[in-house]
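The values are calculated or read from the model by the stated rules, or taken from the named source; none is laboratory data. Bear in mind the structure is a predicted one, so any value in this text is a computation, not a measurement. Heads up, the Cβs are rebuilt from the backbone with ideal geometry, glycines too, and the neighbour counts pull from every protein chain shown.
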Amino acid sequence: MSSALTDLCRYPIVQAPMAGGASSPQLVAAVCEAGALGFLAAGYKTADGMYEEIKQLRGLTSRPFGVNLFMPQPSHADPASVEVYRHQLAGEADWYDTPLGESDNCSDDGYEAKLAILIDDPVPVVSFTFGCPTRPVLDAFAKAGTFTVVTVTTPEEAQIAQWTGADAVCVQGIEAGGHQGTHRDDPKNDGSGIGLLSLVAQVRETVQLPIIAAGGVMRGSQIAAVLALGADAAQLGTAFLVCPESGANVLHKQAMTNPLFVRTELTRAFSGRPARGLVNRFMREHGPYAPAAYPQVHHITSGLRKAAAKAGDAQGMALWAGQGHRMAREMPAGQLVEVLAAETDAARAALDLRGAGGAV
């Protein structure tokens, strides 16, 4: 690991920020206390809500942690397409007896207010998703002593992050659960993307920044693989989602290993932006017709998703999951960190032995 990341955590393991409640302060604290780097997710929270979670987390651990922010998104959505999709969802609203949300409720996720809080009362790490901040923003964090990470999905995005002044990049492969962190949402490329191993290798040859590798990682052997390719750490989300400290809905946790949910797909059905989740009824019925309209679609379907969860109906929920979801292990977060660290050490030792020509 690079010296900057080494100072942040004992193990090359990062718990992904999972917006929507999974990345609870309790989960992040347990991860940090065990020697990995935990992240709070500020997405979809108010600035005050983010700060309350930071204060709560500081009361649970003194270890370094991170906070993830969503970048404001340009509005390219076709209003007519959004209204057509709203009409298509009318039956869902009737079924769950809840109104659809307002599509014009499209803020910047409180970005500027969150920046102000994090610069005024700095945290150890801040990461960004859905784009790259401006150089003045990254310079302000550097002055405050905050380590900055930009999520990237291509070598070109990694170059932009380096040129702009980020301290590291989180390289997200197509296997990752939840939203793809592309800097530009291209409606023509819903199913395209680069696999993690190939992407890490490409980014390693493109930039000199530390790399955090994310996408479908569930075992220490996979962590060892991305480290061998030049990553400095691996980021895991789905692996931590099923931990008891996770704030994810119990139906979401159970679905990870439920044989009824056999595969994942990228879909716009729930938010209007490509995101990987377990294929369920809602995704099958509405995914093919969902417009490229984030966060408009997110706001329209928000009430439906909450009503489905309340009704105990996983077929109407956004069950975000990476491609390795069937490998999820339900155990306390601290124990999972220790297991992953031990698996990583064993895998790296085996690689070293093979490289030395020894028997295995």
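The requirement of being over 21 Å from ILE211 (Cβ atoms) and touching a residue at least 60 places away in the same chain (Cβ under 8 Å) is not satisfied by TYR111. At least 2 residues being in contact with a helix residue (DSSP H, G or I) (Cβ under 6 Å, 6 or more places away or on another chain), among the charged types (D, E, K, R) and at pLDDT 95 or above is the threshold, and among the helices (runs of 4 or more DSSP H) wholly inside the stretch 235-290 not one reaches it. Out of all the residues in the stretch 291-316, which are of a type outside the set (Phe, Trp, Tyr) and outside any helix (DSSP H, G or I)? Correct list: PRO291, ALA292, ALA293, PRO295, ALA311, GLY312, ASP313.
For the stretch 291-316, a residue qualifies if it is closer than 20 Å to ARG184 by Cα and touching a helix residue (DSSP H, G or I) at 6+ places or on another chain (Cβ under 7 Å), and the qualifying residues are PRO291, ALA292, ALA293, GLN296, VAL297. Can you say whether GLY91 is outside the structural domain of GLY181 (by TED's automatic domain parsing) and in a helix (DSSP H, G or I), as far as the supplied structure shows? Considered against the rule, which asks whether it is outside the structural domain of GLY181 (by TED's automatic domain parsing) and in a helix (DSSP H, G or I), GLY91 comes out as yes. Comparison of THR61, THR46 shows that the only residue that is assigned by TED's automatic domain parsing to the domain that holds HIS179, closer than 23 Å to GLN296 by Cβ and hydroxyl-bearing (Ser, Thr, Tyr) is THR46. Restricting to the stretch 252-278, what's the tally of residues that are surrounded by fewer than 17 Cβ atoms within 10 Å (Cβ to Cβ) and closer than 22 Å to GLY21 by Cβ? Looking only at that region, the number is 3. Of the residues making up the stretch 176-212, those that are over 14 Å from VAL150 (Cβ atoms), buried (at least 23 other Cβ atoms within 10 Å of the Cβ) and not β-branched (Val, Ile, Thr) number 7. From the list GLY91, GLY35, the lone residue that is of a type outside the set (Val, Ile, Thr) and at positive phi is GLY35.
In the stretch 127-144 there is at least one residue that is part of a strand (DSSP E or B), among the small types (Gly, Ala, Ser) and crowded, with 20+ Cβ neighbours inside 10 Å. For beta carbons closer than 7 Å, sequence separation of 6+ or different chains, a first residue in the stretch 25-38 that is in the same structural domain as ASP232 (by TED's automatic domain parsing) and more than 17 Å from GLN56 (Cα to Cα) and a second that is at pLDDT below 95 and acidic (Asp, Glu), there are no qualifying pairs.
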